[in-house]
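The values are calculated or read from the model by the stated rules, or taken from the named source; none is laboratory data. Note that the structure is predicted; figures quoted are calculated from it, not measured. Positions of Cβ are backbone-derived with ideal geometry, glycine not excepted, and every protein chain shown enters the neighbour counts. With ligands, DNA and RNA removed, areas are computed over all heavy atoms of the protein, side chains included. Shrake-Rupley method; radii C 1.70, N 1.55, O 1.52, S 1.80 Å.
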Amino acid sequence: MTTTTAHAAAAPPAPPGALALGVRRIGIELKTFFRDRNSAVWNFALPMLLMIIFGSVFGGQTLGPTGITFAQYFVAGMIASGILYTSFQNLAIAIPMERDDGTLKRIQGTPMPKVSYFIGKIGLVFVAYVAQVTLLILIGHFFYDVALPSGSQWFTFAWVSVLGLISCTLLGIAFSVVPKNAKGASAIVSPIVLVLQFTSGVFFLYANPP
């Protein structure tokens, strides 16, 4: 064995890149998210619970001459709310909590690039939203006779969802600097989410606000 070969054999493997670390970080974020019952309920199950409750109470009402029932209309609103819950609300509350409990400081002391941390957060949002919207569509289809998209409508639904998800994710990361501590994060973010829902036509027709 030559000296060059010996040095080559003894060389340590190259460290994983930012993308590879980010993918691993997604797994950690998903485990942390689903192990926290409060986070899973409020960000994941809440839209489904609201849709079932409001759909059961007002489901038979028809919205004017359209023939669309309130329950069918409400499915679209809950899908939009799901984007808001899993991205904006989740990140705007979770990041200040991790800042307060020292998680961000410990991560900063590791060789992991900062971009890998945000890749993990973005991956968490995407996976949670896909699971959530799938369940909402299935509930709407089988319980409230919501017609599924067909052909190019699926493409339109996909790019509009991705656009909303990207926008709310970036806003959630940016807004996470506003709460000064973890205790105040929920008190600041939750009212904003509620106001956005009421002013966006989620709980009633956008053309008929109070």
Value of [θ]222 nm, deg cm²/dmol, for the chain, DSSP H segments ≥ 4, -39500 (n - 2.57) each, nearest 500: -23000 deg cm²/dmol
Per-selection Rg to Rh, the chain - Cα, Kirkwood hydrodynamic radius: 1.12
Of every hundred units of 1.4 Å-probe accessible area on the stretch 48-139, the number belonging to carbon and sulfur atoms, as a percent, is 73 percent
Cβ crowding within 10 Å averaged over residues, with 128-138, 107-117 ranked highest first: 128-138, 107-117
Net charge around Met112, counting only other residues with Cβ within less than 15 Å of its Cβ (Lys, Arg = +1; Asp, Glu = -1)? +4
Between Ala158 and Phe198, what FRET efficiency follows from the Cβ-Cβ distance if R0 is 30 Å, with the result rounded to 0.05? 0.65
List the lysines whose alpha-carbon lies under 22 Å from that of Lys183, not counting same-chain residues fewer than 8 positions away? Lys105, Lys121
Against the longest alpha carbon principal axis of the chain, how many degrees, from 0 to 90 and to the nearest 10, is the axis of helix 18-35 turned? 50 degrees
